[in-house]
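First comes the structure, then the notes that go with it.
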Protein chains: 4
Amino acid sequence: MGNFKGHALPGSFFLLFGLWWSVKYPLKYLCRKKKNTSLLGSKAGFQRLEFTEGIFKAAFALIGMIAEQFVPDGPHLKLYNYEKKQWDHLMNWQHMTMYLFYGISGLVDIVAHSTNVLPVAMDRMVLSLAVFVEGFLLHYHIHERAMLDLHVHQLLLVAIFGAAICIFLETFFRGIIVLEMLRTSLCILQGSWFWQIGFVLYPPSGSPEWNQMDHNNMMFLTMCYCWHYAFAILIMGLHTSLVNWVIRSKMKQAPTMEIGLLKMTERDQESEDEI
Amino acid sequence: MGNFKGHALPGSFFLLFGLWWSVKYPLKYLCRKKKNTSLLGSKAGFQRLEFTEGIFKAAFALIGMIAEQFVPDGPHLKLYNYEKKQWDHLMNWQHMTMYLFYGISGLVDIVAHSTNVLPVAMDRMVLSLAVFVEGFLLHYHIHERAMLDLHVHQLLLVAIFGAAICIFLETFFRGIIVLEMLRTSLCILQGSWFWQIGFVLYPPSGSPEWNQMDHNNMMFLTMCYCWHYAFAILIMGLHTSLVNWVIRSKMKQAPTMEIGLLKMTERDQESEDEI
Amino acid sequence: MGNFKGHALPGSFFLLFGLWWSVKYPLKYLCRKKKNTSLLGSKAGFQRLEFTEGIFKAAFALIGMIAEQFVPDGPHLKLYNYEKKQWDHLMNWQHMTMYLFYGISGLVDIVAHSTNVLPVAMDRMVLSLAVFVEGFLLHYHIHERAMLDLHVHQLLLVAIFGAAICIFLETFFRGIIVLEMLRTSLCILQGSWFWQIGFVLYPPSGSPEWNQMDHNNMMFLTMCYCWHYAFAILIMGLHTSLVNWVIRSKMKQAPTMEIGLLKMTERDQESEDEI
Amino acid sequence: MGNFKGHALPGSFFLLFGLWWSVKYPLKYLCRKKKNTSLLGSKAGFQRLEFTEGIFKAAFALIGMIAEQFVPDGPHLKLYNYEKKQWDHLMNWQHMTMYLFYGISGLVDIVAHSTNVLPVAMDRMVLSLAVFVEGFLLHYHIHERAMLDLHVHQLLLVAIFGAAICIFLETFFRGIIVLEMLRTSLCILQGSWFWQIGFVLYPPSGSPEWNQMDHNNMMFLTMCYCWHYAFAILIMGLHTSLVNWVIRSKMKQAPTMEIGLLKMTERDQESEDEI
């Protein structure tokens, strides 16, 4: 859907996931570090969480696929127009394919975290493939666009392929907080940039159109992209401090264990440093 | 051989190997996980399997080389035409070179898994080289083709170079199921895409030609490529469930050991999670 | 600031850091190897050092940001010129964004090495991002320049992206001396090349202008870039020998422990070799 | 030196090193595997070998540098022609710079394997840099050449950058035989391809010139490049079998230890397989 909503929908999905991850991963890291199991319970509880995430991912993908097919000007499952002898609504079909792979990723998450047929690492591998396919299709379907349109989508590709590489690395280095945070930041960036693209290409009624051929606009948007990223880092910083503050105040309410734990934490830190 | 058969032959080889791997690797993974040695016996038995695979690979490569040389319009080992003062049938010679490297890879498999002169990791390294050489030659010999012809071969290159990188990683991270499955999926993709290329460039008599210059055809084929991949994932999912079902029913017939094994399996799962 | 000072300022920052690192890392390596703790004290002392580095990094970034904004011909925080209906001083704003990310990297260093909220590896990850963002912005803002101008900046990009990859690897392989030295060399190279760019594009008054279109100039500067790198390696070699000599003479003053230590060193060497 | 000798000289250096490595690494691998220390003695002996290699590398680099400077039509250390106001013999200076970095690599080898100031891994890192610099300079100085000339040098770049990546990986995964063999094969390929370039661009008197614009010549040379590589693999295979045969016959002469050793070998194989 080449319109504002077609960019706002995936943008919102990515933002939701990104913001949730920016709370989840610091929480997991700090709980593990402080040996606090009251908030993010046992390993089993965490596996349930991943399972639920998979369901949400699959649901979002399904919503996206249905939206792309059955919007008023959508293809309604028709792929080939036999009268005009040409393909019909290829744009929507391509977007649907992108959602399809996120759907597959959601299903693999569900299977990998509820049965033991698939290895756990498979969830990251398939997510990495889904992100790669998104980038791959996007790369080919922004051919022959106007300069500014092309540019904002190319910037998006940086976030997409960056995320694909990051998630691929996670297949091998699972549970490393720096990679998880990198993925989170790129996911927030992708989400907020989808919204930005929507505003640039389909400005809300009343505001002026962007000049597609002005080189200055390109330079401004490149910089703007970096500011989005700085903003994503800021949000993650805030969430991390918040989570840290919550865990600390929770631990103060159980002060008998605290002194012993703090010592262990320090030793932990040292040993991590060593590595 | 720039014709339908010239694409169907390698396509069939890749499909055969891909489908076989999509059974072999889940079987190996699940047997190891469930400590079941009845199906995929001992380590020695597995090494024999790799040895047999090497023989098949070398045989397929030999068939391919002979076919490229001795088809009616082939070079029949003649490389230079001294009358016309130009190279003769370079296309066939290039294809033969691709098969040649797969042949070398087969020979290395045979030596590495039957003697102990070569390290085992060498089989993956040489296979990676063979896949890379295939992509390398293909990259240079699709120069100056029509747009659609170029495009479908470029899509093929994505699968080829993806597989080369994946197999190169396997040299270092041997026996990791997610990489083996990735390789399998890319191998199936390559095989089915070779068939697709055959149908697009040399449509069976009766059906209409594809318009080489229509941008919509390009966009459709890009998407079609992703569907091929989704299909490859679907097949692998089916095979994995099938293998899982077979192993389970086999284990039910030997129920005395089951209870103890299930506990071990759970502990296994945990420890893998930890990593 | 498209002038000499605008290149000399970041060049000096990079040179300062590079030269400091070319002393710090050999010192750290040789002290650890010779079990000498008198010079680079305990682990806690080393953490204080990283903390101080973070403060300097943040301070340099702040200086850079202020300079870009408030030089006489700077934007003075004005981003959009409503009269001319165009963006104002985008160049300066882009440079400021580059400094901004180094500032974020400095802040993360400070937090990671003074509290235990962030994992230590986060400092390298964010530094890698900062370097990447520098390269990313530079890549887009050297569009449509004269040939020589473009070329010297492209050479700079090699050092920048090389450093970004190197630092990204350090996130996983922390404290490996060869990566630290590689980063150091690329940092010195970047610093000295910034100065070189300044001299090439804004030659000091009196000396002749460089012909922007002469292919020979391009070839000379490419080679010159390699010489800068050879020079960086030379400096690092000198600093390493100097540090080695200082540590040796310090150890001679405490000779009672020396004999035992030397034996341990040799064994150390062997075991490292093994790896 | 844009002539036949200018390509034959580095080609010979690379071939010499490649052929020597194709004996050394199988020997090292098989000796270690069969616990045979009679041929490639102790670790100290091996370190002496690396030291000697460094001396040869530095010597070859020096020869190359002197040759580039003082051939009859060389620059004789003159860089700038003040009369014509242009750079003088930049080609030779660039080639000299390539040799310079190999010289640095040789020096680092010597220092790293004779003292313990530098970590051993540094030899690979600097060699990787030297190979990268060779490719980097070559990449920029083949601009604006005729099609075939450009093409044969681009093929060379594949071997060069492949080797640079391979050696960079060796910095982290030291002593892994598959990487060492890959490096060896790329080194032989580079050497023999340098000779091939010499014959293509400067055909010996009497034989016809190659048509620089014939697309068929390009396709043939691409394939020819792969044959060179297949040939390199063949040579390495032969050398490995030869080395294996020599070690076996040596061990037969000391039969009392053999039975026990063979058992150990088998267990070795198994444990390697496991990894």
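The values are calculated or read from the model by the stated rules, or taken from the named source; none is laboratory data. Small disclaimer: the values here were computed from a predicted structure and weren't measured. Quick reminder, even Gly has a Cβ in these numbers, built from the backbone with ideal geometry, and neighbours come from all protein chains shown.
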Worksheet item: With respect to the numbered conditions (1) within 14 Å of chain B (Cβ to nearest Cβ); (2) crowded, with 21+ Cβ neighbours inside 10 Å, which one is the sole condition not fulfilled by A:ILE142?
Response: (2)
Item to complete: Only one of these is within 14 Å of chain B (Cβ to nearest Cβ) and among the hydroxyl-bearing types (Ser, Thr, Tyr): A:TYR29, A:TYR25, A:TYR82. Name it.
Response: A:TYR82
Worksheet item: What's the number of the condition C:PHE161 fails, among (1) under 30 Å from C:LYS33 (Cα atoms); (2) crowded, with 16+ Cβ neighbours inside 10 Å; (3) more than 9 Å from every other protein chain (Cβ to nearest Cβ); (4) modelled with pLDDT of 95 or more?
Response: (1)
Worksheet, complete the sentence: Taking the stretch C:64-75 and keeping residues under 16 Å from C:HIS7 (Cβ atoms) and surrounded by 13 or more Cβ atoms within 10 Å (Cβ to Cβ) leaves C:GLY64, C:ALA67, C:GLU68, C:VAL71, C:GLY74
Practice prompt. Determine if the stretch D:38-59 includes at least one residue that is crowded, with 20+ Cβ neighbours inside 10 Å, farther than 24 Å from D:LEU186 by Cα and more than 24 Å from the chain's Cα centre (by Cα).
Written response: no
Practice prompt. Exactly one condition in (1) within 14 Å of chain B (Cβ to nearest Cβ); (2) closer than 29 Å to D:MET213 by Cα is not met by D:MET91; state its number.
Written response: (1)
Practice prompt. Just give me the residues in the stretch C:175-187 being within 11 Å of another protein chain (Cβ to nearest Cβ) and part of a helix (DSSP H, G or I), in sequence order.
Written response: C:ILE177, C:VAL178, C:LEU179, C:GLU180, C:MET181, C:LEU182, C:SER185, C:LEU186
Discussion item. Being away from chain D (no Cβ under 11 Å) and surrounded by fewer than 19 Cβ atoms within 10 Å (Cβ to Cβ): is that true of C:PRO208 here?
Written reply: no
Practice prompt. May I ask you to list the residues in the stretch A:200-231 that are in contact with a His (Cβ under 7 Å, 6 or more places away or on another chain) and without any contact (Cβ under 8 Å) to a residue 60 or more places away in the chain?
Written response: A:MET219
Item to complete: Quick one: which residue in D:LEU30, D:LEU19 is within 23 Å of D:ARG174 (Cβ to Cβ) and crowded, with 20+ Cβ neighbours inside 10 Å?
Response: D:LEU30
Discussion item. Scan the stretch A:151-174 and tell me whether some residue there is assigned to a helix (DSSP H, G or I) and hydroxyl-bearing (Ser, Thr, Tyr).
Written reply: yes
Worksheet entry | Residue match in the stretch C:213-223 (condition: away from chain D (no Cβ under 11 Å) and assigned to a helix (DSSP H, G or I)) | no
Worksheet item: What's the number of the condition A:ARG124 fails, among (1) of a type in the set (Lys, Arg); (2) modelled with pLDDT under 90; (3) within 19 Å of B:CYS166 (Cβ to Cβ)?
Response: (2)
